[in-house]
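Have a look at the structure below before the remarks.
Please treat every number below as a calculation from the coordinates, not as lab data. Just so we're clear, the structure is a prediction, and the values are computed from it rather than from any experiment. Backbone-built Cβ (ideal geometry, glycine too); neighbour counts: all protein chains shown.
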Amino acid sequence: MSSRRTVSLVTLGCARNEVDSEELAARLEAAGWQMHDDDPDVIVVNTCGFIDSAKKDSIDTLLAAADSGAKVVAAGCMAERYGEQLAGALPEAAVISFDDYTDIGARLDDVLEGRALTPHSPRDRRTLLPISPVDRSAAHAHIPGHATAPDVLPEGLAPASGPRMLRKRLSGGPVAALKLASGCDRRCTFCAIPAFRGSYVSRRPEELLAEAEWLAGEGVRELVLVSENSTSYGKDLGDLRALEKLLPQLAGTKGIERVRVSYLQPAELRPGLLEVIATTESVAPYFDLSFQHASGPVLRRMRRFGDPRRFLDLLERVRELAPEAGVRSNFIVGFPGETQEQFDELTAFLEEARLDVIGVFGYSDEEGTEAFSFEDKLDQDVVDERVAALSELAEELTAQRAEERIGTELEVLIEEDLGDGGYEGRAAHQGPEVDGSVTVQGIGLIPGQIVQAVVVDSEGVDLIARIKAGA
């Protein structure tokens with residue numbers, strides 16, 4: 001075997017997958033592989049398996065990788081979810097499980113040398129962990145993004161000094177995701193994620209603080225806390241207030257200017273946690289709330305909490321504490337049994353809610369979910385019409401919300417120099433990649449710097465600002 005083995009990692013899907021890829025990169029480097037995007041020996045595609053469009057994107061990416069002439073490995077959620085079925089349908093790629101991550105270097109050695117891998121039979125990963133959350137820390141199932149450095153050090157050898165992260169950053173920039181937890185204990189009827197990601201497991205606060213310190217040393221200025229459900233953090237550690245305690249500690253990490261929490265469940269957003277997010281210095285007053293719908297009967301069929309009045313009351317409490325807070329949410333349209341009246345109830349809620357970002361998705365069947373067996377499915381034409389109508393309304397409403405911010409002051413984290421005196425960044429109410437951005441006119445700004453700016457215009461959800469006089 002050549003002493004120089006090169007690998008490229010392609011990451012699809014959410015920020016949680018990005019963290020998993022950075023764990024794989026660290027493991028591969030420790031095993032003697034070199035990260036190399038130009039003509040690599042092996043391409044690892046960290047796939048997404050959430051909905052049909054994501055699965056199609058994963059297949060297209062795997063096929064494109066195979067066309068390059070490199071060996072191809074399918075990892076991630078789609079590979080875990082389908083295993084031998086994916087391997088049979090796509091012989092161009094070797095398929096690995098989450099359980100292969102701890103020995104990923106050897107698996108790629110096998111692929112490079114032409115040794116066939118036996119694809120796994122998919123299983124419900126919730127069965128790998130105890131039912132009781134507080135008993136899960138003693139279990140031994142591999143959970144991507146939760147590994148520690150000793151896993152890759154020779155036996156008997158400790159880190160030379162201080163915390164050593166089992167993570168290698170694959171992209172620069174002043175923003176990075178920090179994985180709070182993995183898995184989910186909720187039983188939403190439309191979602192298959194718990195079956196292939198497993199039960200909910202929190203990372204310990206000391207691990208998160210050590211990784212935050214390491215990321216700050218890598219030039220990160222904003223931490224984005226990710227998980228399948230951040231409001232459940234700590235329940236398996238015996239402390240439902242763990243996130244309330246952790247956030248100020250993360251915000252106090254030297255070099256970290258902003259901490260942002262994503263993936264909040266409205267049913268679990270306790271008053272104390274809401275207050276900490278809304279009022280703690282250096283914690284963004286940002287609420288990524290998973291509403292999914294507004295009609296009470298539709299939400300019950302989804303096995304979810306809420307109705308328009310409860311959601312509006314929650315938003316009112318948020319804005320009482322932080323008037324300029326950012327709020328985003330996603331909504332599923334055309335869920336089985338959704339009536340025109342229930343769809344109208346959703347549109348009326350959105351017109352009153354003043355959300356900064358609205359994601360709209362048409363319902364699609366996912367095998368392995370309870371909703372897959374529901375009989376009262378809507379015609380696809382009806383689903384498509386409602387998606388189009390709600391998407392048009394969402395575009396109008398979010399543009400109006402952006403206009404409301406004209407004249408307000410923002411703290412903008414500069415991320416990119418656009419040239420000609422223009423810089424792109426994000427304010428506290430804007431999450432990375434999906435929530436719009438702020439274009440700032442200035443001179444001599446640098447990525448990672450936070451500047452005080454005044455909004456002078458808007459374009460859709462994007463804002464245009466100028467540096468505040470005297471700042």
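With contacts defined as alpha carbon pairs under 8 Å and 6 or more residues apart, what's the relative contact order of the stretch 324-454 in percent?
On the way: 190 pairs, mean separation 32.2, N = 131.
About 25 percent, as a whole number.
For the pair D313 and S121, how long in nm is the line joining their label points, each one 7 Å along Cα→Cβ?
4.9 nm
Counting C-alpha atoms alone, how compact is the chain: give Rg to one decimal and Dmax as a whole number, in angstrom.
22.6, 66
Which Cα, out of F291, L264, Q452, lies furthest along the positive dipole direction of the chain (beta carbon charges, K/R +1, D/E -1)?
With unit charges placed on the Cβ atoms, the residue in question is L264.
With unit charges on the beta carbon (Lys/Arg positive, Asp/Glu negative), name the residue among Y363, Q400, A389 whose Cα is farthest towards the positive pole of the charge dipole of the chain.
The Cα lying farthest towards the positive end belongs to Y363.
Would you kindly work out the equivalent ellipsoid of the stretch 3-64 from its C-alpha gyration tensor and give its semi-axes, the square roots of five times the eigenvalues, largest first in whole Å? Don't skip to the end; give the middle numbers.
On the way: eigenvalues 107, 39, 8 Å².
Here the semi-axes work out to 23, 14, 6 Å.
With θ set to phi - 60° and the Karplus curve 6.51 cos²θ - 1.76 cosθ + 1.60, what are the ³J(HN,Hα) couplings of the stretch 360-369 in order, to the nearest whole Hz, using x for Gly and Pro?
So the J values, rounded to whole Hz, are 10, 10, x, 4, 9, 5, 10, 4, x, 9.
Extension gain D57-E404, at 0.36 nm per residue separation less the Cα-Cα distance, in nm?
Values: separation 347, 0.36 × 347 = 124.92 nm, distance 3.61 nm.
Full extension from D57 to E404 adds 121.3 nm.
Return the equivalent ellipsoid semi-axes of the stretch 190-248 as a descending list in whole Å, where each equals the square root of 5 times an eigenvalue of the C-alpha gyration tensor.
Working: eigenvalues 108, 47, 19 Å².
Whole-Å semi-axes of the equivalent ellipsoid: 23, 15, 10.
How many percent of the alpha carbon pairs in the stretch 325-364 exceed a separation of 16 Å? Before the final figure, lay out the partial values.
Details: 295 of 780 pairs.
Summing the P(r) of the stretch 325-364 above 16 Å gives 38 percent of all pairs.
Placing unit charges on C-beta atoms (Lys and Arg positive, Asp and Glu negative, everything else neutral), compute the dipole magnitude of the chain about its Cα centre in debye, rounded to 20. Please report the intermediate quantities before stating the final value.
Working: 49 positive and 81 negative charges, 351 e Å.
For the chain, the charge dipole is close to 1680 debye.
Relative to 2.2 N^0.38 Å, what does the C-alpha radius of gyration of the stretch 324-468 come to as a ratio? Two decimals please. If you can, show how the numbers build up before the last one.
On the way: Rg = 19.0 Å, N = 145, 2.2 N^0.38 = 14.6 Å.
Rg over 2.2 N^0.38 Å, computed on Cα atoms: 1.30.
With just the Cα atoms defining each centre, how far is the stretch 353-405 from the stretch 287-308? Give it in Å.
13 Å
As a test of the definition: which semi-axes, in Å, follow for the stretch 157-276 when you take the square root of five times each eigenvalue of its alpha carbon gyration tensor? Largest first, please. Before the final figure, lay out the partial values.
Working: eigenvalues 127, 58, 40 Å².
Taking √(5λ) for each eigenvalue gives 25, 17, 14 Å, largest first.
K235: which lysines have alpha carbons under 22 Å from its alpha carbon, excluding same-chain residues fewer than 8 sequence positions away?
Cα-Cα hits under 22 Å: K179, K245.
Specify which residue in the list A210, L223, A242 is farthest towards the positive end of the charge dipole of the stretch 192-345, using unit charges on the beta carbon of Lys, Arg (+1) and Asp, Glu (-1), about the Cα centre.
Going by the Cα projections, it comes out as A242.
Which of the GluC sites (Glu not before Pro) found in the stretch 311-389 are in a DSSP loop and have at most 10 neighbouring Cβ atoms, other than their own, within 10 Å?
Values: sites: E316, E320, E324, E338, E341, E345, E351, E352, E366, E367, E370, E375, E385; in loops: E324, E338, E366, E367, E375.
Those satisfying the criteria are E367, E375.
Of all DSSP beta bridges in the stretch 284-438, what percent run antiparallel (nearest 5)? Could the numbers behind the result be given before it?
Working: 6 of 16 bridges.
Taking every DSSP beta bridge with both residues in the stretch 284-438, the antiparallel ones total about 40 percent.
What list of ³J(HN,Hα) couplings, whole Hz, do you get for the stretch 6-18 from phi and the Karplus terms 6.51, -1.76, 1.60, once you set θ to phi - 60° and write x for glycine and proline?
10, 9, 10, 10, 10, 10, 10, x, 8, 5, 4, 5, 4
Cα atoms only: what Rg and Dmax, in Å, come out for the stretch 214-328?
Over the stretch 214-328's Cα set, Rg and Dmax evaluate to 14.9, 49 Å.
Rounding to the nearest 20 debye, state how big the charge dipole of the stretch 261-331 is about its Cα centre with +1 on each Lys and Arg Cβ and -1 on each Asp and Glu Cβ. Before the final figure, lay out each step's value.
Working: 10 positive and 9 negative charges, 108 e Å.
It works out to roughly 520 debye.
Going out from 0 in 5 Å bins, what whole percent of all Cα-Cα distances in the stretch 42-140 drops into each bin?
Cα pair-distance distribution for the stretch 42-140, in percent: 2, 13, 22, 22, 17, 10, 7, 4, 1, 0.
Hey, which lysines would be in cross-link range of K71, C-alpha to C-alpha under 23 Å, not counting anything within fewer than 8 residues on its own chain?
By straight Cα distance, K71 reaches K55, K56, K168.
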